[in-house]
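J.: Handing you this structure, nothing more for now.
The values are calculated or read from the model by the stated rules, or taken from the named source; none is laboratory data. On a predicted model such as this, the values are computed, not experimentally measured, just so you know. Ideal geometry is used to build each Cβ from the backbone, glycine not excepted, and the neighbour counts take in all protein chains shown. Accessible surface areas use protein heavy atoms only, side chains included; no ligands, DNA or RNA. Shrake-Rupley method; radii C 1.70, N 1.55, O 1.52, S 1.80 Å.
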Amino acid sequence: MSFWPTTTDELILEQKRLATLSFSRWEKPPEPFISAGVFVCYGRNVAGAGKKGDLGWATAVALFPDGSVKVFRVSGRATFDYIPGLLALRDGPLLEKAVLGLGIRPEILFVNATSRDHPYRAGLALHLGYKLDVPTVGITRNPLIAEGSLPGIKRGDKFELRVGNETVAFWLRTQDNKAPLVVHPGYRLDGDSAIEVVLFYTEKYRTPEPLRLARKSARLYRAGVEDQAV
DNA sequence: GCGACAG
DNA sequence: ATCTTGTCGC
């Protein structure tokens, strides 16, 4: 397990450093490959769940080309409240544990977080990918600080999200007439590859399949369901 | 100064 | 993250 910052000052310094680094570009391979999703949830019916000391349930799911999956679950206590821009402080260590527990290095990892759409241009999707050395795509419901118009209503319609003059993410419609999601090119990803791989994993559902499975599994884990199928 | 702000 | 009211409005 590598080191995660444990104070706001440490994290901000690391984020500023991360933002200055450049990485080799990932391209979606033509051959079948293993993808993964990772997700953490906190208490249901608990006011303000996800605060310091609260129990969190994390799950990583690897999705194989034949459709089979491998699941790893791990729980732990939040060491920080949620602070916008500092999500890594609360969720970074547990998410990393979950992915490492798979015992597999996926080709691409989906994370519920931003990347360059961030006060210091280094959100958790970028940070986690960097620490694991696994290419990442961030998926969120909303931008953090970036701005842009909503896309058209057809699957594949997109619109750039910018911080100043820099395009940092995209609104992307993954299903006709359904709410768009925000696609954040993460560690080693550029915009085209991020959108390509998201569309590849959203043939049937709005959320990319590996992340959808990880969410489902984490909520079952929280509910006490042993089910290892998903 | 205050609120908003990925989850 | 999670729950919840209602279709308003800076």
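J.: About the Cα centre of chain A, how large is the charge dipole given +1 on each Lys and Arg Cβ and -1 on each Asp and Glu Cβ? Please answer in debye to the nearest 20.
T.: Dipole magnitude for chain A comes out near 580 debye.
J.: Still on this model: Pick from A:92, A:123, A:186: which is most flexible by mean-square fluctuation in a GNM of chain A where alpha carbon atoms under 10 Å apart are linked?
T.: Judging by the Gaussian network model, the answer is A:92.
J.: Which value, in Å², gives the accessible area per residue of chain A when a 1.4 Å probe is used on the protein heavy atoms?
T.: Accessible area per residue, chain A: 47 Å².
J.: What does the extension gain come out to for residue A:177 and residue A:31, with contour length at 0.36 nm per residue minus their alpha carbon separation?
T.: The residue A:177-residue A:31 span can extend by a further 49.4 nm.
J.: How would you classify the range A:8-222 from its alpha-carbon gyration tensor, with a ≥ b ≥ c the square roots of the eigenvalues: rounded for a/c under 1.5, else prolate if a/b is greater than b/c, otherwise oblate?
T.: Rounded, because the longest to shortest axis ratio a/c is under 1.5.
J.: Give the lysines whose C-alpha is closer than 21 Å to that of residue A:158, dropping any in the same chain fewer than 8 places away, or say none.
T.: The reachable lysines, counting only those whose Cα sits under 21 Å from residue A:158, are A:28, A:178, A:204.
J.: Over chain A, with a Gaussian network built from C-alpha contacts below 10 Å, which listed residue (A:88, A:78, A:214) shows the highest mean-square fluctuation?
T.: Maximum among the listed residues: A:78.
J.: Separate question: Residue A:145's amide H: which non-local residues (gap 5+, or another chain) put their own amide H closer than 5 Å, with H modeled 1.01 Å from N in plane and none for Pro or chain starts?
T.: A:118
J.: Once phi is turned into θ = phi - 60°, what whole-Hz ³J(HN,Hα) does the Karplus curve with 6.51, -1.76 and 1.60 give for every residue of the range A:190-203, x standing for Gly and Pro?
T.: For the range A:190-203, the Karplus-derived couplings read 9, x, 4, 5, 4, 5, 4, 6, 5, 5, 4, 9, 10, 5 Hz, x marking Gly and Pro.
J.: From the phi of every residue in the range A:13-29, what ³J(HN,Hα) in whole Hz does the Karplus formula 6.51 cos²θ - 1.76 cosθ + 1.60 yield, where θ is phi - 60° and glycine or proline is x?
T.: 4, 5, 5, 5, 5, 4, 5, 8, 7, 10, 10, 5, 7, 7, 10, 4, x
J.: So, one more: Would you mind counting up the charge near residue A:123? Only other residues with Cβ under 9 Å from its Cβ, with Lys and Arg at +1 and Asp and Glu at -1.
T.: Local net charge: +1.
J.: Under 8 Å for C-alpha pairs, at least 6 residues apart: give me the relative contact order for the range A:130-184, rounded to a whole percent.
T.: In percent, rounded to a whole number, it is 35.
J.: A further question follows. Roughly to the nearest percent, how much of the accessible area of the range A:8-222 is carbon and sulfur, given a 1.4 Å probe?
T.: The computed percentage sits at 49.
J.: Build a GNM of chain A with springs between Cα atoms under 10 Å: which of A:197, A:46, A:61 gets the top mean-square fluctuation?
T.: A:46
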